[in-house]
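Taking it in order: structure first as structure tokens, then the write-up.
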Amino acid sequence: MLADREFIGAQWLEFLCENNVLFAIRLREGQLIEFDGGCRISFASPLRRTRHGVWDGSLSDMTTTLHGAARNAAGQESIIIATNTADPKRALHSYAKRWEIECLFAVPWNQESTQSRHIIT
């Protein structure tokens, strides 16, 4: 399941994990993550120093450890995901494809400029 930043509640993520629903859910840059040992930081801090990374940790009020990945491409909005899959880089790649499609539909579309001759309905 791929989802955006509105679906990041601890209870919801715990439910998905408990019911073996694989997910990649985008997180906000200000979201806090707690690493093993109790260190808690927001994603905005490490993304200032590096353009990408992976992590294991938990979100506030969660008992389940999640995997995560982040990408901060120059001139683009950061993408940070949490996942319960074994490969957070692959989950990030899948989410990035979803994000590209969403951005495509956000742009006003002029059918005449595509030089399409037929519209499939």
Report summary line: Here, THR63 and LYS89, labelled 7 Å along Cα→Cβ, have an inter-label distance in nm of 3.3
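Using 1/(1 + (r/R0)^6) with R0 = 35 angstrom and r between the beta carbons of ASN20 and PHE105, what's the FRET efficiency to the nearest 0.05?
Numbers: r = 31 Å, r/R0 = 0.88.
So the FRET efficiency works out to roughly 0.70.
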**Report entry** Neighbour net charge for SER94 - beta-carbon separation under 12 angstrom, K R +1, D E -1
**Finding:** +3
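Between CYS39 and ILE8, 0.36 nm times their residue separation minus their Cα-Cα distance comes to what? Let's see the in-between values first.
Values: separation 31, 0.36 × 31 = 11.16 nm, distance 2.02 nm.
Contour length minus the Cα-Cα distance gives 9.1 nm.
Where a number appears in this text, it was derived from the coordinates with a stated rule and is not lab data. Since the structure is predicted, the reported quantities are computational estimates derived from the model, not experimental observations. A quick note on method: Cβ atoms are made from the backbone with ideal geometry, for glycine too, and the neighbour counts reach across all protein chains shown.
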